[in-house]
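Trainee: What follows is a single structure, and I will ask about it in a moment.
The values are calculated or read from the model by the stated rules, or taken from the named source; none is laboratory data. Keep in mind the model is a prediction, meaning the values are calculated, not measured. We place every Cβ from the backbone using ideal geometry, glycine too, and count neighbours over all the protein chains shown.
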Amino acid sequence: MRASASPNTTGLAPVRPDHHLERHRLALETPSGSAVLELCAAGGSARIARDEQVMAQSQASQTLLRQLAHEIRNPWAAYAVRHNCWKRNWKRAN
């Protein structure tokens, strides 16, 4: 086995860490061919899941606050709609 970069005792190319991606790549060369092995940190998927959960909670909080602000600005809107509907139905019945 021959390394693609400087030779070492393992026959593997030096690891090039991509810290911003949390990945490591190894270049392997054998007489039958070559390959690139990429190792990713297992915590990446957990971080993505946590970020998605934080985004969903943030959107839910934003919606709740928007609805609360509407109710503070116009607290009787729901009652007015019900009252008008009740009046129309009552007039039809009589």
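Trainee: Can you name the residue in region 1-42 that is modelled with pLDDT under 70, within 19 Å of the chain's Cα centre (by Cα) and not aliphatic (A, V, I, L, M) and is also surrounded by the fewest Cβ atoms within 10 Å (Cβ to Cβ) among such residues? Before you say what the answer is, go through the steps one by one.
Mentor: First pass over region 1-42, keeping only residues modelled with pLDDT under 70: 1-22, 42.
Now drop any that are not within 19 Å of the chain's Cα centre (by Cα), which leaves 20-22, 42.
Retained after the next criterion (residues that are not aliphatic (A, V, I, L, M)): 20, 22.
Numbers: 20: 6, 22: 14.
Within region 1-42, the match that is surrounded by the fewest Cβ atoms within 10 Å (Cβ to Cβ) is 20.
Trainee: Being at pLDDT below 85, hydrophobic (A, V, I, L, M, F, W, C), exposed (fewer than 10 other Cβ atoms within 10 Å of the Cβ) and in a helix (DSSP H, G or I) is the filter here; which residues of region 53-94 pass it?
Mentor: 90, 93 - these are the residues of region 53-94 that are at pLDDT below 85, hydrophobic (A, V, I, L, M, F, W, C), exposed (fewer than 10 other Cβ atoms within 10 Å of the Cβ) and in a helix (DSSP H, G or I).
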